[in-house]
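Below is one structure; the comments refer to it alone.
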Amino acid sequence: MEYTNILLEKTGALAILTVNRPKVLNALNKKTMQEIECAFFELKDDDSIKAVILTGSGEKAFIAGADINEISTYSATSGTRFAHQGQAVLDLIENLGKPVIAAINGYALGGGLEIAMACHLRIAAANAKVGQPEINLGVIPGFGGTQRLARLVGENRAMELVLTGDQIGADEAYRIGLINKVVPGEELLETAKALAMKIASKGALAVRYAMEAVHLGLQGTLPDGLNLEANLFGLCCATEDKREGTQAFLEKRKANFKGC
Ligand code: CO8
């Protein structure tokens, strides 16, 4: 697929996907969502890629939400359909099997915050602002915001953000556990890259199973989660990476993981 609204750059084990509609603060229209979906399918199948960074073009915005021009045309039926389609793209990101890091370089509002929350880790520039302003448009979050925000920061904070539509700054977002780290804007991409490469240097299967255990475990009961963890631990024990990781420790050398 030829991409017109995103940029996809691959360097070694790392891919950087940049939403590239700076004139509208990288708002997510249907075409952009299709391109993001296509790119993530490509990255999922590309065994050379071990980590992905998602960011936005320009210095002002990560993603300022779904495209309000399109939302203004939705009926009940098409609104439901597009919410489902958007949710499927975010589910693809969340279940990619490799870490996706959101590098939040400015506004992450509405669908922008929702896509950042579908990523596994979030780093923000100090000037970033995040929020779920949908209520100001007479709608509610539709790309999973009511669900992922409450899971990340708790019902109380999520309810406040969703009902007021207020934006909060990067420091406050960090304080409530919505983002992992705040850095000066000029250090954002390098910090995200360093984190991505640190995780990419681990055993890819262990990384995948760890994400699965945390994410799927949170959807069910504690006994179900513990059972899942034990089964995935057992799967790890069958890998070459486990043999290499434990041997390397015992031989006092650095492990060289192969992802198998
Ligand atoms: N959609 C379309 N265009 C946008 C959007 C957007 N979300 N955000 C900004 N733009 C456009 C502006 O219209 C403007 O265009 P133009 O230059 O042609 O007038 C350009 O981007 C620059 O924006 P501003 O002039 O407004 O820049 P400011 O610095 O003054 O303000 C803000 C920046 C505060 C980010 C402001 O642009 C804003 O409030 N944007 C809208 C934020 C918002 O409400 N986001 C939520 C959208 S709804 C949503 O995301 C729902 C997700 C689930 C949908 C499920 C079904 C599909």
Filter result (surrounded by 15 or more Cβ atoms within 10 Å (Cβ to Cβ), within 11 Å of the ligand (Cβ to nearest atom) and more than 19 Å from R81 (Cβ to Cβ)) within the stretch 136-173: G165, Q167
So, in the stretch 217-258, how many residues would count as being of a type in the set (A, V, I, L, M, F, W, C) and modelled with pLDDT under 95? 1
Looking at this structure, is M211 assigned by TED's automatic domain parsing to the domain that holds L54 and assigned to a helix (DSSP H, G or I)? no
In the stretch 5-43, which residue that is farther than 17 Å from L113 by Cβ and of a type in the set (V, I, T) is farthest from the ligand (Cβ to nearest atom)? T11
Within the set of pairs 6+ apart or on separate chains, which have a first residue in the stretch 69-80 that is touching a residue at least 12 places away in the same chain (Cβ under 8 Å), a second that is part of a helix (DSSP H, G or I), and C-beta atoms under 6 Å apart? none
Report yes if G177 is modelled with pLDDT of 95 or more and part of a helix (DSSP H, G or I), otherwise no. no
Within the stretch 5-25, is even one residue more than 22 Å from T191 (Cβ to Cβ), assigned to a strand (DSSP E or B) and at pLDDT 95 or above? no
Looking at A196, A170, A200, which is the one that is closer than 19 Å to A103 by Cβ, within 15 Å of the chain's Cα centre (by Cα) and not acidic (D, E)? A196
I'm trying to understand the selection: among the residues of the stretch 215-225, which are surrounded by 13 or more Cβ atoms within 10 Å (Cβ to Cβ) and free of Cβ contacts under 8 Å to residues at least 24 places away in the same chain? L216, G217, G225
Can we say E94 is at pLDDT below 95, in the same structural domain as G145 (by TED's automatic domain parsing) and not small (G, A, S)? no
Single residue of T18, T32, T73 found to be hydroxyl-bearing (S, T, Y) and surrounded by fewer than 14 Cβ atoms within 10 Å (Cβ to Cβ): T73
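The values are calculated or read from the model by the stated rules, or taken from the named source; none is laboratory data. Nothing here was measured: the structure is a model prediction, and the numbers come from that model. Neighbour counts run over all protein chains shown; Cβ positions are idealised from the backbone, glycine included.
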